[in-house]
Amino acid sequence: MGLKPIGDRIIVRRQAADEKSAGGIILPDTAKNKPQRGEVVAVGPGKVKKDGTRAAMQLKAGDQVLFTSWAGDEFEDRREKAEILVMHESDVLCVIE
C-alpha cells in the first residue's frame, strides 16, 4: 500500500472476522464482531522525547498483537481487500506469541 508511519504509530492488518459462530451458525456481515487481533505491517521510527532523542519502538513488523476495540483509525487496503488500522504503539495491549 506504500504507507510509512511516523512517530510512534504502527500499521496493523486486522484479522478476518469469523464466518461462523461457535455453534456452527453462519453469521451475516452485520452480526460479525470486528476482531481485536492483527499483524503489525509497519512501524514508525519512535516518539521524539523532550530531550530530542527518539524512544525505541517495542513492536516490529510481523508481530501478532491484541489491541483495544477503539484503537486506531480504519482504512481499507483495496489491493488486498483487507482492513488496516493506523494506531499508536500504546494502543496495543500485548504481543501474541
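In Å and whole numbers, how far do the C-alpha atoms of region 51-97 stretch along each principal axis, longest first?
40, 27, 21 Å, listed from the longest principal axis down.
Can you tell me which of 89-95, 47-53, 2-8 comes out highest on packing, and rank the rest after it, using the mean Cβ neighbours within 10 Å?
Details: 89-95: 14.7, 47-53: 9.1, 2-8: 12.7.
Output ranking for 89-95, 47-53, 2-8: 89-95, 2-8, 47-53.
Each value in this text was obtained by applying a stated rule to the coordinates, not by laboratory testing. All figures in this text were calculated on a predicted structure; none of them were measured in a lab. Note: ideal-geometry Cβ built from the backbone for every residue, glycine included; neighbour counts use all protein chains shown.
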